[in-house]
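The values are calculated or read from the model by the stated rules, or taken from the named source; none is laboratory data. None of the values given here were measured: they were computed from a predicted structure. All Cβ positions, glycine included, derive from the backbone under ideal geometry; neighbour counts span all protein chains shown.
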Amino acid sequence: MIACAVALFALTLLGPLVTSLVDDWSRRDVELRATLVFNSVSGPLSAMLENGQTDHINELFERVATDSRIVAVAVCRDGKEPAHATKLMPSSISCEKIARSDTESFSSVIVNGRRMLIGAYPIVSRTDPSREIEGHFIIVHDLSFAEHRGQEARNYLTLMLGGIILASGALAIGLVLYLIRNWLRTFKQAVTSATSPGVRNAAASYGPLDKEVRQVLRQLEMSQSAIDRDQANWSKETLRDIMLAELPGVEVLVVANREPYIHNHGPGGIELQTPASGLVSAVEPVMRACGGTWIAHGSGTADRETVDANDRIGVPPRSPEYTLRRIWISEEEQDGYYYGLANEGLWPLCHIAFTRPVFRESDWRTYRAVNERFADAVAAEAKTSSPIVLIQDYHFALLPQMVRERIPDATIITFWHIPWPNAETFGIFPWKEEIIHGLLGSSIIGFHTQFHCNNFLETVDRFVESRIDREQESVTLKGHETFIRPYPISIDWPPAALANQKSIQDCRDAVRKRLDLPPETKIAVGIERFDYTKGVLDRIRAVDTLLETHPEWRGRFVLVQAAAPTRSKLQTYKGLQDEAMALAEEINAKYADVSPQPIRLIIRHHEPSEVFELFRAADVCIVSSLHDGMNLVAKEFIAARDDERGVLMLSHFAGASRELAEALIINPYDAHATGEVLHSALVMPETEQHERMRLMRAYVSTRNVYRWAGQMLLDASRLRKKQRILEIAALDTDRAG
């Protein structure tokens, strides 16, 4: 009887208190949900208001109002009535009755006997934040569920007190401790499943409070996904907005072997050169948007003379937007790290271009030592304890783990710019376990295509003892989880090199005049470094086949092959250049009786403006890679053709072929078939050229380099937020223990 009286007294005393606490918690929950909704729609809504897109605003509001707890959504501007509102907006709620200020505000009202919470958020202009407030975003939530939640809380309290009456004091204490520990463990599981990239609607049965936590976390994930879904026009400004919204104040460090700007001694003094590199073309615009530090090998003859005492220089030189930190590598180290292990070992191994890779123990030692030097530079340049480090390419396979050891809280994203071969092929690499362990120090590893992701997971499964989650596409090694993701790389849109280009006709006239070609000559271009993976020899042989099977093109067609010398220290590359020159001379001699001769081989570095002039002058662009990660030349050709003309011939073995289905896909190993496709390209009607090019331009313009970087940064943001929540949960678990 005494126990019952005590329980009844406790229930009478604690019941109202619990109800009040639950009511306050419910209100804060609704305020948080309202803020998440506003954060996800504020950017698109501001743009729609400025552009007067009423239909888009109504469609956006109806999607938001599908949430069962949201009664109505509206925008209040100057008038008494809302400028835009959903159908169920209560008539008794007018704009003049809603408290509005320069900051967010909340108020409770009773409508038809139901308690509701009204949130008002000021809408600021996206284009000019200094302007006056555009209006207020109004969101009305139903709070009646709080009463049901309070009743549930009282029921749970009654059951708990009943358990205390029936059980002994010791058992009751043990049970309470067990419930607390179990709840926290369940909470951590809910957080993990709700915030892991790639997980959708994970099924689990949790208590009412856990369900609310999961729902809030899901709203967080939805708000982040909405940024990608709603942003159709990815640009430098979009990327900056994402950095400010999702990663405010975060430090960005890029590590790449190649530097974006090279200083060399020339006839007129120190000259600036932009290297011919797909990596530079992709990453440099991102750094201009995000700022930060780019750490690279200083390879120019005048590089040391242009840096400060800390080996840094602001770039671009005329209007610096980020910092370039140069690392000095001796010629001997360059031979072992770059020419040796990276380009005689990993490059042919990953490209499977039938060039035997070379593995030397001395090269491996140098490769590891140079990776250590770059890791020290990253640690020295990092100004915060949790920067985002973007590691680029196969030159730094060991670097992620080395950086992880020096900066444990860093978010490390490694992007592998070349293909990843199947497990059997990679199995011949003598230090495969070390390479895999090094890469798995990353938070995220990115590849061009899902096919390369699958190959990497199979390789890890074959050679390293780890836990692979196929659903989430992640690998856990020694307690650290690494996510594997496809990020198709792309180009700046529109490219900077296109800004000062002449008209298409002027470009054609200039190229024909420079090469001494008659006006009616059809031109095909091939533009890349002299590399055996690019299929230069196969392209030239295809031209020979075309002229044999279609003699009408003799004297009416020219292949302009622009190829920059590269890695000339390696015999395979020097031999390729010599073989290409000999093959071009042989074919030109074969057709010596016609003019112009069919092969024009131009062996030198071309500045981006020269490359785009060739693209605009060409009738056909041939990309005949024998194996390629993505190939940005194909996308640059598409960007150059604002006349929506020209034909792209694209190798089936380039990653871009999985995106650009409107190109003419070829097998470069089949010279006869490639020659026939080239003939089809030369006779293709302009209407068909227009349709194909229009579709490809629409694709590349929306899936540009800023989208590529944005996807990685959004995933980095999710991981960082998940880690913070898990740290809080772990701390709570320790306290409960």
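Of everything in the stretch 331-347, what is touching a residue at least 40 places away in the same chain (Cβ under 8 Å) and of a type outside the set (S, T, N, Q)? Give them in sequence order.
Here is the first cut: in the stretch 331-347, the residues touching a residue at least 40 places away in the same chain (Cβ under 8 Å) are 335, 337-339, 342-347.
Answer for the stretch 331-347, where residues must be touching a residue at least 40 places away in the same chain (Cβ under 8 Å) and of a type outside the set (S, T, N, Q): 335, 337, 338, 339, 342, 344, 345, 346, 347.
Among the residues of the stretch 106-142, the ones that are more than 20 Å from residue 41 (Cβ to Cβ), in contact with a strand residue (DSSP E or B) (Cβ under 6 Å, 6 or more places away or on another chain) and at pLDDT below 80 come to 0 in all. In the stretch 285-324, the residue that is farthest from residue 391 (Cα to Cα) out of those that are touching a residue at least 40 places away in the same chain (Cβ under 8 Å) and among the acidic types (Asp, Glu) is 305. If you scan the stretch 565-590, which residues turn out to be in contact with a strand residue (DSSP E or B) (Cβ under 9 Å, 6 or more places away or on another chain), at pLDDT 85 or above and buried (at least 16 other Cβ atoms within 10 Å of the Cβ)? If the condition is that a residue be in contact with a strand residue (DSSP E or B) (Cβ under 9 Å, 6 or more places away or on another chain), at pLDDT 85 or above and buried (at least 16 other Cβ atoms within 10 Å of the Cβ), then 577, 580, 583, 584, 587, 588 are the ones that fit.
State yes or no: is residue 233 of a type in the set (S, T, N, Q), closer than 21 Å to residue 490 by Cα and crowded, with 19+ Cβ neighbours inside 10 Å? In short, no.
Which one is surrounded by the most Cβ atoms within 10 Å (Cβ to Cβ), of the residues in the stretch 283-304 that are part of a loop (DSSP other than H, G, I, E, B) and under 18 Å from the mean Cα position of the chain (by Cα)? So that I can check it myself, show each step before the final result.
Taking the stretch 283-304 first, the residues part of a loop (DSSP other than H, G, I, E, B) are 291-292, 298-302.
Filter once more, keeping what is under 18 Å from the mean Cα position of the chain (by Cα): 291-292.
Values: 291: 14, 292: 21.
Per the stated criteria, the residue is 292.
Comparison of 508, 556 shows that the only residue that is crowded, with 18+ Cβ neighbours inside 10 Å, within 25 Å of residue 650 (Cα to Cα), modelled with pLDDT of 95 or more and basic (Lys, Arg) is 508.
Residue under question is residue 308, and the condition is that it be surrounded by fewer than 16 Cβ atoms within 10 Å (Cβ to Cβ), more than 30 Å from the chain's Cα centre (by Cα) and not aromatic (Phe, Trp, Tyr); does it hold? Write out each step before concluding.
On the way: surrounded by fewer than 16 Cβ atoms within 10 Å (Cβ to Cβ): yes; more than 30 Å from the chain's Cα centre (by Cα): yes; not aromatic (Phe, Trp, Tyr): yes.
Spelling it out, residue 308 is indeed surrounded by fewer than 16 Cβ atoms within 10 Å (Cβ to Cβ), more than 30 Å from the chain's Cα centre (by Cα) and not aromatic (Phe, Trp, Tyr).
Looking at the stretch 689-704, is at least one residue at pLDDT 95 or above, in contact with a His (Cβ under 9 Å, 6 or more places away or on another chain) and among the charged types (D, E, K, R)? Scanning the stretch 689-704, I find no residue that is at pLDDT 95 or above, in contact with a His (Cβ under 9 Å, 6 or more places away or on another chain) and among the charged types (D, E, K, R), so the answer is no.
Before we move on, is residue 77 surrounded by 15 or more Cβ atoms within 10 Å (Cβ to Cβ) and of a type in the set (Lys, Arg)?
Working: surrounded by 15 or more Cβ atoms within 10 Å (Cβ to Cβ): yes; of a type in the set (Lys, Arg): yes.
Answer is yes for this residue.
Consider the stretch 453-467. How many of its residues are surrounded by fewer than 17 Cβ atoms within 10 Å (Cβ to Cβ) and aliphatic (A, V, I, L, M)? Qualifying residue count, the stretch 453-467: 1. Test residue 436 against the stated conditions and say whether it is of a type in the set (A, V, I, L, M, F, W, C), crowded, with 17+ Cβ neighbours inside 10 Å, on the phi < 0 side of the Ramachandran plot and touching a Gly at 6+ places or on another chain (Cβ under 8 Å). In short, no.
If the condition is being acidic (Asp, Glu) and touching a residue at least 24 places away in the same chain (Cβ under 8 Å), then the stretch 662-690 contributes 662, 676, 686. Does the stretch 636-656 contain any residue that is under 15 Å from residue 529 (Cβ atoms), touching a residue at least 24 places away in the same chain (Cβ under 8 Å) and part of a helix (DSSP H, G or I)? So far as the stretch 636-656 goes, yes, one or more of its residues are under 15 Å from residue 529 (Cβ atoms), touching a residue at least 24 places away in the same chain (Cβ under 8 Å) and part of a helix (DSSP H, G or I). Here is a check on your reading of the model: is residue 679 surrounded by fewer than 19 Cβ atoms within 10 Å (Cβ to Cβ), in contact with a Lys or Arg (Cβ under 9 Å, 6 or more places away or on another chain) and either part of a helix (DSSP H, G or I) or modelled with pLDDT under 95 (or both)? No, not satisfied. When the criteria are applied in full, residue 244 meets the requirement of being of a type in the set (A, V, I, L, M), surrounded by fewer than 21 Cβ atoms within 10 Å (Cβ to Cβ) and closer than 30 Å to residue 723 by Cβ.
State the number of residues belonging to the stretch 273-298 that are more than 22 Å from residue 442 (Cα to Cα) and either modelled with pLDDT of 90 or more or acidic (Asp, Glu) (or both).
First, pick out the residues of the stretch 273-298 that are more than 22 Å from residue 442 (Cα to Cα): 273-278, 281, 285, 288-289, 298.
Filter again for either modelled with pLDDT of 90 or more or acidic (Asp, Glu) (or both), leaving 298.
Residues in the stretch 273-298 being more than 22 Å from residue 442 (Cα to Cα) and either modelled with pLDDT of 90 or more or acidic (Asp, Glu) (or both): 1 in total.
Taken over the stretch 103-122, the criterion of being out of contact with any His (no Cβ under 9 Å at 6 or more places or on another chain), of a type in the set (Val, Ile, Thr) and assigned to a strand (DSSP E or B) is satisfied by 109, 110, 111.
Scanning the stretch 682-728 for residues that are assigned to a helix (DSSP H, G or I) and of a type in the set (S, T, N, Q) returns 687, 689, 701, 702, 711, 717, 723.
Applying the set (1) crowded, with 20+ Cβ neighbours inside 10 Å; (2) closer than 30 Å to residue 450 by Cβ to residue 359 leaves exactly one unmet item: (1).
Identify the residue in the stretch 24-70 that is small (Gly, Ala, Ser) and touching a residue at least 60 places away in the same chain (Cβ under 8 Å) and, among all such residues, is surrounded by the most Cβ atoms within 10 Å (Cβ to Cβ). Among those that are small (Gly, Ala, Ser) and touching a residue at least 60 places away in the same chain (Cβ under 8 Å), it is 34.
This table checks each residue for (1) over 29 Å from residue 59 (Cα atoms); (2) of a type in the set (A, V, I, L, M); (3) modelled with pLDDT of 80 or more.
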{"residue": "104", "(1), (2), (3)": "no, no, yes"}
{"residue": "159", "(1), (2), (3)": "yes, yes, no"}
{"residue": "163", "(1), (2), (3)": "yes, no, no"}
{"residue": "167", "(1), (2), (3)": "yes, yes, no"}
{"residue": "171", "(1), (2), (3)": "yes, yes, no"}
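Say we look at the stretch 690-699 and pick out the residues that are touching a Lys or Arg at 6+ places or on another chain (Cβ under 8 Å) and surrounded by fewer than 20 Cβ atoms within 10 Å (Cβ to Cβ); which of these is farthest from residue 546 (Cα to Cα)?
Step one: list which residues in the stretch 690-699 are touching a Lys or Arg at 6+ places or on another chain (Cβ under 8 Å), which gives 690, 693, 697.
Subsequent filtering for residues that are surrounded by fewer than 20 Cβ atoms within 10 Å (Cβ to Cβ) retains 690, 697.
Numbers: 690: 24, 697: 28 Å.
For the stretch 690-699, the residue satisfying everything is 697.
Within the option set 632, 570, 614, being touching a residue at least 40 places away in the same chain (Cβ under 8 Å) and farther than 24 Å from residue 501 by Cβ holds for one residue only, 570. Taking residue 536 as the residue in question, decide whether it is among the aliphatic types (A, V, I, L, M), out of contact with any Phe, Trp or Tyr (no Cβ under 8 Å at 6 or more places or on another chain) and under 27 Å from residue 592 (Cβ atoms). Judged against the criteria, residue 536 is not a match.
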